[in-house]
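A quick write-up on the structure given underneath.
The values are calculated or read from the model by the stated rules, or taken from the named source; none is laboratory data. Every value quoted in this text rests on a predicted model; they were computed, and no experiment measured them. Every residue, glycine among them, receives a Cβ derived from its backbone with ideal geometry; neighbour counts consider all protein chains shown. Please note that ligands, DNA and RNA were not included when accessible areas were found on the heavy atoms of the full protein model with its side chains. Shrake-Rupley method; radii C 1.70, N 1.55, O 1.52, S 1.80 Å.
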Amino acid sequence: MIINMDKPAKRWAEGFPLGNGFFGAMVYGGIDTETVDLSAAGWFSGNADWNNNCPDNAAEAFAGMREAAIRNDYAAVRALTKNYMGSRLNYGTNLPLAQLVIKHKFLSLSENSINYNRNLNLKTGLCHVEWMDKQNGYILTRDCFTSHADRVMVMHVKDPSGLSMSFSLSGSNIEFASFTSEDEHDQDKTVCDLTVRAKARENMHSDGTTGADGRIHLRIISNNGRVQHEEGSCNFRLDGSNDCFLLMTCATDFEAATDQQSGYCSQLIEQASRLGWNELLRRHLDDFSPAMRRVDLQLGNITDWDKPANKSAAEIATGNNENERQGLIALMFQFGRYLLHSSSRKDSPLPAHLQGIWNDSVASRIGWTCDMHLDINTQMNYWPAELTALSESADPLLDWIENVLMPSGRITAKNCYGLEGWTAELVANAWGFSAPYWSPNLSPCPTGGAWLIQQLWHRYLYRRDDNELINRIMPILYEAALFLSQYLFEIPGNPYLQSGPSISPENSFTDGSGVYQASLSPVYEITVIRDIFTSYLQAVRLPAVISQKDKNYAALAEKIEEQIDRLPPFKIADDGSLCEWSHDLPAVDSQHRHTSHLLGLYPYNQISPEKTPEFAAAAETSLVKRLTPAENWEDTGWSRSLLMLYSASLKKGDQAYEHIDSMLRYLLQPALLVKHPPTRGAPAFDDVYEMDGNTGLTTCIAHMLLQTSDDETIELLPALPAKWRDGQVRGLCASGRISVTIKWQSGRLVEAIISSDLDQKRVFSYRGRRQTIKLEADKPIRVVYE
């Protein structure tokens, strides 16, 4: 589980990401110059102005849009949307925090260096850089990690030459605060501290005056070094030290009030200084590694495969060494877990955004911003959480929905629709933006927040925490279901309830006279509503919820029982594909990157080869058409991840593998980050990193090996590709607090070891063979297949 590289990173996407759930670091591993790009979860421009939500007459405008949609007057719908949609105002974006640069002086290290290696250990979260000075035989090393346990970044630099290093902090929104230096002669060391003030400000997504305030504190502890500081600057030099210990922490308004940030950072730095390198490392490993060790995946004959330094990911993906290719896939599986674990910890101030906890300075400078997109990206970030044993990583998502998004969403429901409950639309941010998007191309879309709730419901199904369900999840689910129940309406003579008008993210259709987005009952929206209703009805029937005797819960359940049977069914078009809209008008872009109408396949499990073979076949036809011709498909990390997940849900293992192979060949950066290249529908001035490409791949690999159906049947190896002839996986999770270890040989299941935290009976399935197994808490069962 180690990524090795034989040269330093030349740009951000080639660096190694470190994170502790509060801040992130992208380490380049340079020789003469080490660059570390710093980022923070709460480093957002903008502010929490809920007047963004919509104009005063938005609900009236939406009623007019609905009347026009009933008449199929899509031009009128679009025109009225301008009186309904939200305003960007000070929406903001996550921004880069600062850049730390360390320069080795007075020696041409690059010219004299040999045996260079940098590596990132996914089990330990430790980045190591080393090389040899061929003239003197010195081995120079840097080791770095970001500690969640102590909330500091720690770097240990060993330079036997004892020459000179300079340190600097820079950024567009930072300013010098203080510098102190002290020689502790009794301990033969020098301690110096640099602190800077920072402001998250920009003019593209806000007015340049609003955003989080922050503080950065950098401490260097060296043996016998001499310090020279450029007065009033964020630059200083350290001479004559061959062993240097660096500590860095930061605070934003999400961790401490502005006037308390200096003390907050100082306290963390002082504590870390007392602990020292060895103890900080021990505490970090004890905190970080257990979660990464919960799941192991072996494909082929190699255990814990490490990427070799002398081969690029592209060479491995396109080469003839099948063991290396399978090793790379297994490594990518763990890398997705690593990124989520590093971005989102139990006590993180915010959930992972578009780029996790990092910032490439590209997403924040293009139209779509670095935020919490609610039409696939935030959801896909968290899809591995339950399935791959990282459940606590979703704690910040629950906190944010409960305390930030839902309160804002109540205002949106009332002001924009005149309804009770809560809703959130296409995009959201640290400040709780829930309003309709500020363009008629992308609004209305009132089911973005509802889609997020699926993660919370799955959290309950996997964890079975009745207390959390009653006190936290159920109120969120109830108010979302209440809104959607009231949002539905009847058209006389139509047997089905209708919704909308709303969009099918982020696609458009045409009637020949214009290009439009919003219409009644798009398939995506009905799919989400059906899932929320199904989850709600399951929840209210649980003994823990029944015991609350909540009359509001019961009344809504009675209404939804009637409504769910009247939702429009999936529909098959004349060409055999699954319809995207309730009308028959063609898509403007038939190979659009978004495939939201297929979410019934995954993650919602409303379409399957077993339950609905005709719709499964139509969904597969849709996929073929979306990808034909192949060169016209808008290929991105998350969209390719969806393709492989759809294929796995159709039990097409070889097809899913082809999508994995395509991702590795065409969408992988050198250090294994998955990219979102500029596309015709999502233009950008450079490739954009989005964490969902990596976490989506992780989810797919797990989904190919283990699936839980809506009746809670657990299927083993449901989509095993021929390329994975031999292998084993340990620690994948199924609903009901079940953990599974699976071993297969020659493409066939050999054994499964099933562990449960609860006494229960569950049905397990393999190649159509169903078996009911009685599980006892904490007593693993070994099932042998012949």
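In percent, what relative contact order does segment 93-228 have, based on Cα pairs under 8 Å that are 6 or more apart in sequence? Don't skip to the answer; put the middle values down first.
On the way: 234 pairs, mean separation 25.8, N = 136.
With pairs under 8 Å counted, the relative contact order is 19 percent.
Looking at this model, which pairs from Lys82/Lys571; Lys123/Lys675; Lys625/Lys652; Lys611/Lys652; Lys7/Lys307; Lys611/Lys761 are more than 19 angstrom apart at the alpha-carbon?
Details: Lys82/Lys571 31 Å; Lys123/Lys675 23 Å; Lys625/Lys652 17 Å; Lys611/Lys652 16 Å; Lys7/Lys307 14 Å; Lys611/Lys761 22 Å.
Beyond 19 Å: Lys82/Lys571; Lys123/Lys675; Lys611/Lys761.
On a full-extension model of 0.36 nm per residue, what is the gain between Glu490 and Ala76, subtracting their alpha-carbon distance, rounded to one decimal in nm?
147.0 nm
Sum up the charges of everything whose Cβ sits under 10 Å from the Cβ of Ala618, counting Lys and Arg as +1 and Asp and Glu as -1, but leave Ala618 out.
Around Ala618, the charge tally is -2.
Using only protein heavy atoms and a 1.4 Å probe, report how much of Trp438 is accessible, in Å² to the nearest 10.
My reading of the accessible area for Trp438 is about 40 Å².
Expressed as an acute angle from 0 to 90° and rounded to the nearest 10, what is the orientation of the C-alpha long axis of helix 448-463 relative to the principal long axis of the chain?
For helix 448-463, the angle is close to 80 degrees.
Between segment 672-713 and segment 502-548, what's the alpha-carbon centroid distance in Å?
Segment 672-713 and segment 502-548 have Cα centres separated by 22 Å.
Using Cα atoms only, what is the angle between the long axis of helix 551-564 and the major principal axis of the chain, expressed in degrees (0 to 90) to the nearest 10?
70
At 1.4 Å probe radius, can you tell me the per residue accessible area of the chain in Å²? Spell out each step's value before the answer.
Values: 27800 Å² over 786 residues.
With all protein chains present, the chain gives 35 Å² per residue.
Which aspartates and glutamates have a Cα lying under 17 Å from the Cα of Lys559, excluding residues fewer than 8 positions away in the same chain?
Qualifying aspartates and glutamates at Cα under 17 Å: Glu420, Glu479, Glu490, Asp531, Asp550.
Run lengths n ≥ 4 of DSSP H only: what is the helix-derived mean residue ellipticity at 222 nm for the chain, with -39500 (n - 2.57) per run over all residues, to the nearest 500?
-9000 deg cm²/dmol
Filter the cross-link list Lys723/Lys779; Lys414/Lys551; Lys103/Lys346; Lys103/Lys199; Lys723/Lys774 down to pairs whose alpha-carbon distance in this structure exceeds 31 Å.
Exceeds cut-off: Lys723/Lys779; Lys103/Lys346; Lys723/Lys774.
How many angstrom separate the Cα center of segment 1-39 from the Cα center of segment 417-443?
35
Out of Thr713, Cys733, Leu672, whose Cα points farthest toward the positive end of the dipole of segment 633-786 (charges: +1 Lys, Arg; -1 Asp, Glu; placed on Cβ)?
Projecting each Cα onto the dipole axis, the largest value belongs to Thr713.
Could you work out the local net charge near Trp457, counting Lys and Arg as +1, Asp and Glu as -1, over the other residues with Cβ closer than 15 Å to its Cβ?
Residues close to Trp457 contribute a combined charge of -3.
Mind putting a number on the dipole of the chain about its Cα centre? Charges go on the C-beta only, +1 for Lys and Arg and -1 for Asp and Glu, and I need it in Debye to the nearest 20.
Here the chain has a charge dipole of around 1360 debye.
If one computes the Cα centroid of segment 52-99 and of segment 307-340, what distance in Å separates the two points?
Taking the Cα centre of segment 307-340 as reference, the centre of segment 52-99 is 44 Å away.
Would you mind calculating the relative contact order of the chain from Cα pairs under 8 angstrom and at least 6 residues apart, reporting the percent as a whole number?
13
If packing is taken as the average number of other Cβ atoms within 10 Å across a peptide's residues, how do 558-568, 772-782, 533-543 rank, most packed first?
533-543, 558-568, 772-782
Determine the share of the chain's accessible area contributed by carbon and sulfur atoms, expressed in whole percent, with a 1.4 angstrom probe.
Details: 12960 of 27800 Å².
On the chain, the fraction of accessible area on carbon and sulfur atoms equals 47 percent.
Note the angle between two axes, namely the Cα long axis of helix 58-70 and the longest principal axis of the Cα atoms of the chain, as a number of degrees from 0 to 90, rounded to the nearest 10.
It is inclined by approximately 50 degrees.
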